[in-house]
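Remarks on the structure that follows.
The values are calculated or read from the model by the stated rules, or taken from the named source; none is laboratory data. Note that the coordinates shown come from a computational prediction; the quantities given were computed from them, not determined experimentally. A quick note on method: Cβ atoms are made from the backbone with ideal geometry, for glycine too, and the neighbour counts reach across all protein chains shown. In case anyone asks, the SASA skips ligands and DNA or RNA and just uses the protein heavy atoms, side chains included. Shrake-Rupley method; radii C 1.70, N 1.55, O 1.52, S 1.80 Å.
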Amino acid sequence: MATEASRRSFHVAIAVCGAFLAVSFAISILAGASSLDFGRALAGESPHYEVLVHFRLPRVLLAMLGGGCLALAGALFQALLRDALATPYTTGVSSGAALGAVIMISLGWSEIAGLPAIWIGAFAGAGAVLALVTAIATEGRRVSSFTLLLAGVALNSICGSLILFLHSFANLSQSFSIARWLMGGIEPVRYGTLAVIASMAGAVCAVVIAQGREWNAVAAGEEWAAARGVNVRRLTVIGFLAGSFLTGLITAFTGPVGFIGLIVPHALRLRLDPDHRLLLPCSFLGGAAFLALCDGFARVIVAPAELPVGVVTALLGGPFFIWLLRSRRKVFWL
């Protein structure tokens, strides 16, 4: 009976998060400075069709994919580091991506091999920081989660300083581009690019979610998990690489969008069972819905101009972060 009840509650929670995502999708599709008649768009009438197909739909899909990945990565790092304040940016990968993008902007490079140079620079920066943090945290055959955290904090500071250094020498146009990119933003991308992002992110998310039971053990403590036959080293490496990959991938296309990985997993943890078999998929769905709504809000609040979505998430996440700092002793872990 207990197992049947838990399965029923699991399905209900997933259904509620899925419904929230569907509603968020509908709202964000309609949000924008230009009016959109959905019926005319589906009938192929211009300009409604172009607005829907070429601008709104790819932008909303990227926002949902980015929000889901960042929220999932946040829940993953909170389990890995056993800290409710851990975020996808804790490991420094996002700062590395930002530094790579800023270097490309400072060099004045717009394209490399037919791809936007900012994307390539962000990928390269994220990969370099990932390799460096992994090397620092590896002690023999053991990977220390505590060292991962400290190395990430240190590299965040270093990358931030280098970004400020480059920004100080940038011309007016470059300075504007750097500032705008660092605020985070969602822009429409080609459907082929979106498919590539979704396929890579989807594979990694599936691996992470499939190991929800093991993440429950790791969140309870490394010694407790090891005593129950869990390969803590393997899970630590998988979790760190998966979370960092998702963070670097999304940051390369959207810039650093903060607080998604902090707000969504913790809010769900307060309302749902902290079982990671439920928390991880719900975090993905909730993060996708939250960022899509934030991006829709950013498009209409100062229309016809737009706010960077990173500004909206920071305005919401800042007060939440302060509240979390004051109440973190009350956080219930497994």
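Please give the per residue accessible area of the stretch 191-235, computed with a probe of 1.4 Å over protein heavy atoms only, in Å². Please report the intermediate quantities before stating the final value.
Numbers: 2290 Å² over 45 residues.
That works out to 51 Å² per residue.
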If one computes P(r) from the Cα atoms of the stretch 125-266, what percent of pairs lie at distances over 20 Å? 59
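Does the stretch 181-334 come out rounded, prolate or oblate, given a ≥ b ≥ c as the square roots of the eigenvalues of its C-alpha gyration tensor, rounded meaning a/c under 1.5 and, failing that, prolate meaning a/b above b/c? Walk me through the numbers on the way to the answer.
Numbers: a/c = 2.51, a/b = 1.47, b/c = 1.70.
Since a/c reaches 1.5 but b/c is at least a/b, the shape of the stretch 181-334 is classed as oblate.
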Using the Kirkwood radius over Cα pairs, work out the Stokes-Einstein diffusion coefficient for the stretch 6-165 at 25 °C and 0.890 mPa s, in µm²/s as a whole number. 129
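Scan the chain and hand back the longest stretch that contains none of the chymotrypsin sites (Phe, Trp or Tyr not before Pro) lying in DSSP loops with at most 11 other Cβ atoms within 10 Å.
Values: sites that count: PHE169, PHE332.
Longest gap between qualifying sites, sites excluded: 1-168.
Report the gain in length on full extension from LEU315 to ARG233: 0.36 nm times residue separation, minus Cα-Cα distance, nm rounded to one decimal. Don't skip to the answer; put the middle values down first.
Details: separation 82, 0.36 × 82 = 29.52 nm, distance 3.71 nm.
My answer for the length gained is 25.8 nm.
How much space per residue, in cubic angstrom, does the convex hull of the C-alpha atoms of the chain take up?
147
Any idea what the relative contact order of the chain is, in percent, if you count C-alpha pairs under 8 Å spaced at least 6 apart? All intermediate terms of the calculation are to be shown ahead of the outcome.
Numbers: 519 pairs, mean separation 106.5, N = 334.
Computed value for the chain: 32 percent relative contact order.
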Taking only DSSP H segments of four or more residues, each worth -39500 (n - 2.57), what value at 222 nm results for the chain once the sum is divided by all its residues, to the nearest 500 deg cm²/dmol? -24500 deg cm²/dmol
Along the Cα-to-Cβ line of SER110, 7 Å from the Cα, sits a label point; which residues in the stretch 178-203 have backbone N less than 13 Å from it? none
Carbon/sulfur fraction of accessible area - the stretch 265-307, other protein chains in place, 1.4 Å, %: 66
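Longest exposed-loop-site-free stretch of the chain, with trypsin sites (Lys or Arg not before Pro), DSSP loop and at most 14 other Cβ within 10 Å? Intermediate results must be reported in sequence, preceding the final value.
Working: sites that count: ARG141, ARG190, ARG228.
Between the exposed loop sites, the longest stretch runs 1-140.
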Any chance you could get the radius of gyration and Dmax over the Cα atoms of the stretch 41-113, in Å? 18.3, 53
Can you compute 3J(HN,Hα) from phi for each residue in the stretch 164-173, using the Karplus curve 6.51 cos²θ - 1.76 cosθ + 1.60 with θ = phi - 60°, rounded to whole Hz and x for Gly and Pro? 5, 4, 5, 4, 5, 9, 6, 7, 4, 5
